[in-house]
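Asks: To start, I am sharing the structure in question, which I have written as structure tokens.
The values are calculated or read from the model by the stated rules, or taken from the named source; none is laboratory data. The model shown is predicted, which means the values in this text are computed figures rather than measured ones. Every residue, glycine as well, gets a Cβ built from its backbone with ideal geometry; the counts of neighbours run over all protein chains shown. The area values use the complete protein model at the heavy-atom level, side chains included, leaving out ligands, DNA and RNA. Shrake-Rupley method; radii C 1.70, N 1.55, O 1.52, S 1.80 Å.
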Number of protein chains: 2
Amino acid sequence: MVLISNRIFGLILFFTFIFTNISFANNGYDLWLQYKKVENKQLLKEYTENIQAIQFFGNSETIKTALKELNIGLSGLFDNQNLFENDSPKNHLLVFGSESQLDTTYLNLIKTELSKVKKDGFVIKQIQLNGNSQIVISAKTDVGVLYGVFRFLRELQINNSLKDINIVDSPKIDVRILNHWDNLDRTVERGYAGFSLWNWHTLPDYIDQRYIDYARANASIGINGTVLTNVNANALILTPQYLEKVKALADVFRPYGIKVYLTARFSAPIEIGGLKTADPLDADVIKWWKDKTAEIYNTIPDFGGFLVKANSEGQPGPQNYGRNHVDGANMMAEALEPFGGIVMWRAFVYSEHDATDRAKQAYSEFVPYDGKFKDNVIVQVKNGAIDFQPREPFHPMFGAMPKTPLMMEFQITQEYLGFSTHLVYLPKLYEEVFETDTYREGKGSTVAKVVDGSLHNKKITGVAGVTNIGNDINWTGHHFLQANWYGFGRLAWNPHLKSEDIADEWIRQTFTNDENFIIPIKKMMIQSRETVVNYMNPYGLHHIFDTGHHYGPGPWVGSLPRPEWNPTYYHKADGFGLGFNRTKTGSNATAQYAPEIAKMYNDISTTPEKDLLWFHHVSWNHKLKNGYTLWDGMALKYQEGVNEVEDMISLWNSMEQYVDSQRFKEVKMMLNIQLKEAKWWRDACLLYFQQFSKQDLPNGVEKSSNSLKEFQSMTFPFAPGR
Amino acid sequence: MVLISNRIFGLILFFTFIFTNISFANNGYDLWLQYKKVENKQLLKEYTENIQAIQFFGNSETIKTALKELNIGLSGLFDNQNLFENDSPKNHLLVFGSESQLDTTYLNLIKTELSKVKKDGFVIKQIQLNGNSQIVISAKTDVGVLYGVFRFLRELQINNSLKDINIVDSPKIDVRILNHWDNLDRTVERGYAGFSLWNWHTLPDYIDQRYIDYARANASIGINGTVLTNVNANALILTPQYLEKVKALADVFRPYGIKVYLTARFSAPIEIGGLKTADPLDADVIKWWKDKTAEIYNTIPDFGGFLVKANSEGQPGPQNYGRNHVDGANMMAEALEPFGGIVMWRAFVYSEHDATDRAKQAYSEFVPYDGKFKDNVIVQVKNGAIDFQPREPFHPMFGAMPKTPLMMEFQITQEYLGFSTHLVYLPKLYEEVFETDTYREGKGSTVAKVVDGSLHNKKITGVAGVTNIGNDINWTGHHFLQANWYGFGRLAWNPHLKSEDIADEWIRQTFTNDENFIIPIKKMMIQSRETVVNYMNPYGLHHIFDTGHHYGPGPWVGSLPRPEWNPTYYHKADGFGLGFNRTKTGSNATAQYAPEIAKMYNDISTTPEKDLLWFHHVSWNHKLKNGYTLWDGMALKYQEGVNEVEDMISLWNSMEQYVDSQRFKEVKMMLNIQLKEAKWWRDACLLYFQQFSKQDLPNGVEKSSNSLKEFQSMTFPFAPGR
């Protein structure tokens, strides 16, 4: 079509008018399940030749779901081409079904592989039958088959060849679970991507398409559980009015292999049960929880169990009645036991009545209980001992409780990472934690081995992620933060995976298989975590976020009633230097680690510089390995963080040709916010700490155009996620 | 493709496997701007033959926007077919541009039509030039051209022929505006479709695609203003931190002809200005508002003005300082005057210190001020004197203030209409109000003529709608409630339009041009308003909603501190009968109407039965026109409402073939909720009123399976919209 225009100032301009279809806009809703037409023609030919028809065995809801997913996936990847119109082909079938349903002809040909499958793992194998090739997807469970189907679709999306495909993959973790900190009014604590997905008002009768697509996305990466409600819990969720709503969600999620869990408010027996106490040793309380649990299982037969935040940040718990965490957890565990449910009991505790270094309190409180919890209790431990900082040393509890299942708790939502406007690829952080050696059983005792149970042969294993999902159309606010949901799921499946490989497959599925995009963007993602550390918390600084909402810098905050809520508690800046002495001359938090680690951290010269100020109070003039003083080095790190964001922007701007216009523009706007805020961090922190160092900024560090006072006077009464 | 399955129980089943593309799912995001391919091949041919190329004149942002919209619309309607590949066609052009830009050749051919255009109206005309036909869209303003383009696209979407097209259409109202009751924390007062569109946290740097699509949708129906914030206002919106965010939205909306307005908290001079008073006659206060207004216009040169809720339901206002509404409104108007801004001053006032019938208070307070407001003040009056009930007699202020511009305030969000789960087509309600005769200048003095200014020659005219939009993917929660946004806009453009015609064009654009769908569905929509009246508030009952959240029935509520907040205040059920005596023997609210109306309402025999209990306290045994007693008739009306919802469900279920599967299923789920709640209304209200009537239910009315006590004990602590 031709566009004739534009007669102004006597000119007549001629344009070629190209119709652009609005549907080319990609709002990101489809996540990594884009299923765009395979662009590589040769591969497309290979795929379609190898999938002439589909044969499936079994008729469970999960098997039907697998078929539905193949339908969605292949119709997109093959662009709805009716390539195969034989009436009843016998060759080049895609065959799927579980071990118990699959035809023995097929079973015999995958016997060896199937014997290696554990739990909900799967086999995908090209076999030869009567001289023709078929692809078989099988597993020991129907959910395993579904996982195999999703994996198969991924292989196509990332353009792997099907020739001689032979994949055996099993999850290394039992409980792979999202924690939603979602309140019943749909606000999300620490949520930055809109509001809660769960529309409690219209449940149970209205099933939002989101619920289904949420389940699809989770199942595609192996997530098998979801805690629907905030750890700061409301007991109403356990009332019949809400349980029928929870049931509706459980019904949606079940075919996708996802179990529903709830947070249990410890004082629920009082609040909704009409009891006078919630004492875990009180007979009425015990009965109340048993009855309530039976009621839940009557409604939701595959209910997963409870997640409990007790005696933590004001939440009620067994200590309110002179009991301890074991009393509380075991009481609930007993109620769940007959139904196969579990208790996830959080170890995130610290007390305003305890003057000990906050970093030490969870270990001190929980490690003595090792071996005392019932078999269906798993203790949920944050990756670090403080609170989801851009970087923390691993939590000393990992490896220190050989007789107690410990579950990793990661935060996917970016409470301390710039909210959802900062591009930070978190699998890099998760990988760093998992790879760390605890030395608890000698060298090689990595956190991953603690968490996957192999170090101490644990009865239950689990990895939890505090989700970054909200009702924003693209789920996570920022398109790139979908990668954190994705990568979390992949690492929960297998904590030994490499974050770089995960980034690779995510980019291919989400954006393109074009290497010109993948290589630089993957590099940017991998670097992004260090970048945010650089401009927020270099050299082991931590918890210097503005109060309450944790948006932006607040190193000056020192007047909050609980000392350990104050940034000044953590950075301890003074005329001498900066940092928290946690060595044996200080809080001696280092003693909570294995001797090898303690020794390393006790000595400033062997402490990795990334953790320097976490463990040491360091002179401003301390010489860093790069020859700079701490002050100069720190200032340069802040600047480096800013520079790196500028590099991200340049890179992204050069990638326009590879990305649809909507996502290109949206990521671009987000990066500009990130740069603005990186500078804010740099300027506010350096101006503040400069008051103590009394030194000039080194060459190469830009000077702030705002005063410290201006930064200090900024307020954000409606910052999201409160 | 062939699907071979399903070998269980020794069976082999063969299916034809049809790939269904996930994109066939329609989530409703595109509203009435679906622009699906024209299915009628003959029409498609006519359209494409008549639009061989586009020529436009002018280069303003609005003209570019018009071009962009044509691009989006035509690419969808013509399915991206590159039908026209001439290099430079001279025939069958679509030509657009404003009067001042358009080529004189074209201008001369539309001269007559253009002379009839008022304000932002437009001409669309097929002309003959050198023996060839062209279509010209023109207007006196660029926004008029944009409206013309949207109208042109609508003509195509609803499958009207272009042959001899000759449309002249001008808005009859100046200010066609949405009121968002959106708070800065993104909760929406009385919002039932998710949370606020305005993501204040990421503004001004992140422009959500929603903002653009919101502007597109509004411009397509002629809405030209938006009040971004709740009438229960927060002064922070007037601080520089927020004004730069408001500016970002204003910049997005400007090309679409949409002005931004804000709610002004009367006490802002104290809260953010540091003054000790907000007295509108205080010199510092006057200066503060002048400075603040200048500051706003410095940021947003086309800022629309303020909407103010003062001395109403606890909001601060001039009466706090012994002043009156005129003092307050004129003080702000003076500040806005130099910039062309307006004050929309709400008349929704009633006082807990005034024992008068609440229905009378606004009239009593405001009518004496007629003629005292400045020229740029418009008083915003709700359609009825109580509060957005399913049915209310028109507000007596309409027609009673000949010297004061009065703006209609409708509620599009369904505070008292079942929230967003009930299908209620509100243009039917709006039409009923507009068509009502006030008799203020004799017969024919309709509310529409009051509002469009023609009755008393008003200087400004306006229609406001409290929007039903939230961040749900489909904007309004329920697909059919998009029609209320649409219909509101159309009636704000022209309050004399017929709601049935609006439904027709909405269905065609949103769903299909298939008459088999249109005819029954249009009938259902038209009936839907009476249906909700039947099962909630028949015969003039009103305000018997449960307290606070207004979700579901609460006729028994009578213990709230302010008497006029209690349902019992409104229905006055007793052993004798039911209803509020507002005749001269009662509160004499009827005296606020023109004598013709007052006379009609004072006499029970001439009072329309739809308003019966609004004006009369009526014996349970009063004979209705249909021969039933009030009790029996009322019970039957409740039942009728329920039956009608059942009919809606049957009808919808028979329409599956005409609707995409996602919207079909979603509407179906909503209708089932509506039925459940219609029954709840029927049962709860009849059980409650039966205590007074002491009569059995008549034949044909189903008995409740719940007790009154059960209904009374239901609580909804997290009902949305609080």
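Asks: What percent do you get for the relative contact order of chain A when only Cα pairs under 8 Å and 6+ apart count?
Replies: Reported as a whole number, the value is 11 percent.
Asks: Using a 10 Å cut-off around each Cβ of peptide B:53-63, what is the average number of partner chain Cβ atoms that fall inside?
Replies: 4
Asks: Can you give the % of DSSP beta bridges in segment A:175-496 that are antiparallel, to the nearest 5?
Replies: The antiparallel proportion sits near 10 percent.
Asks: Using the alpha-carbon centroid of each, what span in Å lies between segment A:477-551 and segment A:374-389?
Replies: Measuring centre to centre over Cα atoms gives 22 Å.
Asks: Shortest first, in nm, what separates the label point of B:E49 from those of the same position in the other copies (7 Å along Cα→Cβ)?
Replies: 4.8
Asks: Sticking with this one: Amide H of B:F545 versus every other amide H placed in the peptide plane: which residues, excluding those fewer than 5 positions away on the same chain, fall under 5 Å?
Replies: B:G554
Asks: At 7 angstrom along the Cα-to-beta-carbon line, where would the label on A:K119 sit relative to the other copies? Give the distances in nm, shortest first.
Replies: Copy-to-copy label distances for A:K119: 6.5 nm.
Asks: Now, a different point. Nearest 500 deg cm²/dmol is fine: what mean residue ellipticity at 222 nm does chain B get from its DSSP H runs of n ≥ 4 alone, each adding -39,500 (n - 2.57), divided by its residue count?
Replies: For chain B, the value works out to -11500 deg cm²/dmol.
Asks: Enter the mean number of other protein chain beta carbons within 10 Å of the beta carbon of each residue in A:194-206, as an integer.
Replies: 5
Asks: On the principal axes of its Cα set, how long, how wide and how thick is segment A:172-306? Give whole Å, largest value first.
Replies: Extents along the principal axes: 44, 32, 28 Å.
Asks: I'd like the per residue volume of the convex hull spanned by the Cα atoms of segment A:89-165, given in cubic angstrom.
Replies: Convex hull of Cα atoms, per residue: 90 Å³.
Asks: When N counts the residues of segment B:445-592, how does its alpha-carbon radius of gyration compare numerically with 2.2 N^0.38 Å, as a ratio?
Replies: Dividing the Cα radius of gyration by 2.2 N^0.38 Å gives 1.33.
Asks: Which percent, nearest 5, of DSSP beta bridges in the protein assembly as shown are antiparallel?
Replies: Once the DSSP bridges in the protein assembly as shown are tallied, antiparallel ones form about 35 percent.
Asks: Please compute the Kirkwood hydrodynamic radius over chain A, one decimal place, Å, based on all pairs of different Cα atoms.
Replies: Final number for the Kirkwood radius of chain A is 27.3 Å.
Asks: Please list, by residue number, everything in segment A:646-665 whose backbone N is under 19 Å from a paramagnetic label point 7 Å out along Cα→Cβ of A:E702.
Replies: Of the residues in segment A:646-665, A:646-654 have backbone N under 19 Å from the label point off A:E702.
Asks: Between the alpha-carbon centers of segment B:254-293 and segment A:126-150, tell me the distance in whole angstrom.
Replies: So the two Cα centres are separated by 69 Å.
Asks: In straight Cα distance, which lysines are under 22 Å from A:K372, not counting same-chain residues fewer than 8 positions off?
Replies: Counting by Cα, and skipping residues close in sequence, A:K372 has these lysines nearby: A:K287, A:K290, A:K309, A:K360, A:K382, A:K403, A:K449, A:K458, A:K459.
Asks: Now a separate question. Just grab the label-to-label distance for A:S661 and B:K37, each label 7 Å out from Cα along the Cβ direction, in nm (one decimal).
Replies: 2.2 nm
Asks: If you average 1/r over all unlike Cα pairs in segment B:175-510 and invert the result, what Kirkwood radius do you get in angstrom?
Replies: 20.0 Å
Asks: Rounded to the nearest 5, what % of the DSSP beta bridges within chain A are antiparallel ones?
Replies: Around 35 percent of the beta bridges assigned by DSSP in chain A are antiparallel ones.
Asks: Grab the residue from chain B whose Cβ hugs the B-to-A rotation axis most tightly, plus its distance in whole angstrom.
Replies: B:F195, 2
Asks: With Rg and the Kirkwood Rh both taken from Cα atoms, where does Rg over Rh land for segment B:41-169?
Replies: Checking Rg against Rh, the ratio lands at 0.93.
Asks: Moving on to the next point. Hey, what's the Cα Rg ratio for segment A:523-673 versus the globular rule of thumb, 2.2 N^0.38 Å?
Replies: Dividing the Cα radius of gyration by 2.2 N^0.38 Å gives 1.24.
Asks: Sort shortest first the distances from A:K372 to its counterpart in every other copy, using label points 7 Å along the Cα-to-beta-carbon line, and give them in nm.
Replies: 7.5
Asks: Once you have a ≥ b ≥ c as the square roots of the Cα gyration tensor eigenvalues for segment A:279-402, tell me rounded if a/c is under 1.5, and otherwise prolate or oblate according to whether a/b is larger than b/c.
Replies: prolate
Asks: Give me the aspartates and glutamates in straight-line cross-link reach of A:K584: C-alpha distance below 15 Å, same-chain residues under 8 apart excluded.
Replies: A:K584 reaches A:D357, A:E596, A:D603.
Asks: Still on this structure, I have one more. Beyond a 29 Å Cα-Cα separation, which of these cross-linked pairs lie in this structure: A:K679/B:K64; A:K45/B:K36; A:K623/A:K679; A:K45/A:K119?
Replies: As for pairs spanning more than 29 Å Cα to Cα, those are A:K679/B:K64; A:K45/B:K36; A:K45/A:K119.
Asks: Is the protein assembly as shown rounded, prolate or oblate when judged by the Cα gyration tensor, a ≥ b ≥ c being the square roots of its eigenvalues, rounded requiring a/c under 1.5 and prolate requiring a/b larger than b/c?
Replies: The shape class here is rounded.
Asks: Can you give the FRET efficiency to the nearest 0.05 for A:E61 and B:S60, using r as the Cβ-Cβ distance and R₀ = 45 Å?
Replies: Approximately 0.20, to the nearest 0.05.
Asks: Moving to a separate point now. Give the cross-link partners of B:K625 among the lysines, using a straight C-alpha distance below 19 Å as the criterion and excluding same-chain residues fewer than 8 apart.
Replies: Qualifying lysines at Cα under 19 Å: B:K610, B:K637.
Asks: To the nearest 100 Å², how much accessible surface do chains A and B hide from each other in total, with a 1.4 Å probe?
Replies: Summed over both sides, the interface buries about 6900 Å².
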